[in-house]
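Here the structure is laid out as structure tokens; the discussion comes afterwards.
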């Protein structure tokens, strides 16, 4: 079995994942960031405009609508999302909250890990998106994904973001040995370094004064296309030479 065929053993999925290092933040600070992101996601596409959180109470499981976002409500959710073992709270591990989507609860969700200053695992903003169907056809386009990624940059100031399918991720970094993935779309903050010239048809765009966005192909990237795979590998090689990607240190 070739490397390219291995990912086809299970159904594909798509995600936009933003990651950043240790950053101590309060539940309220994380809530403010999440509120900004919800507003910006809603402007990207109607699919991303309706969010809720399932919470347990004495009355059972309840569906708490989060739109329009209320910072006080979100603050409470992040406070509840603190890492703990019994009554022992691990403040250095930050907060983790999983949000659900009312328009497509099976294909879309948002998981935020914020305020971790231990550094063992990265803080993250992970958006799962539908891979097939009319919503996917509309959302999985460079213009919508670029808007989503710009929203993540504004809200969370991540070190890097990748928008890609899971099969693509498996091909790009199968053993998860490096500190970034090269997606269909990829973002690097300016702290990572300068993005070098890249071969056509790659498009490079600045994201305000914060970093750089890389779009591999104008059409939807697919691992079934050998030209797409070859281009992705070439771009990874050039980004590694430029110091934007390096081996994981832990």
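For this structure, a couple of remarks:
- Going through (1) over 24 Å from residue 23 (Cα atoms); (2) out of contact with any strand residue (DSSP E or B) (no Cβ under 6 Å at 6 or more places or on another chain); (3) touching a residue at least 40 places away in the same chain (Cβ under 8 Å); (4) buried (at least 18 other Cβ atoms within 10 Å of the Cβ) one by one, residue 220 falls short only on (4).
- In this structure, residue 129 does not satisfy being assigned by TED's automatic domain parsing to the domain that holds residue 95 and closer than 20 Å to residue 29 by Cα.
- Enumeration of residues in region 170-197 that are in contact with a strand residue (DSSP E or B) (Cβ under 7 Å, 6 or more places away or on another chain), surrounded by fewer than 16 Cβ atoms within 10 Å (Cβ to Cβ) and in a loop (DSSP other than H, G, I, E, B): 177
The values are calculated or read from the model by the stated rules, or taken from the named source; none is laboratory data. Just so you know, these numbers come straight off a predicted model, no measurement behind them. Neighbour counts run over all protein chains shown; Cβ positions are idealised from the backbone, glycine included.
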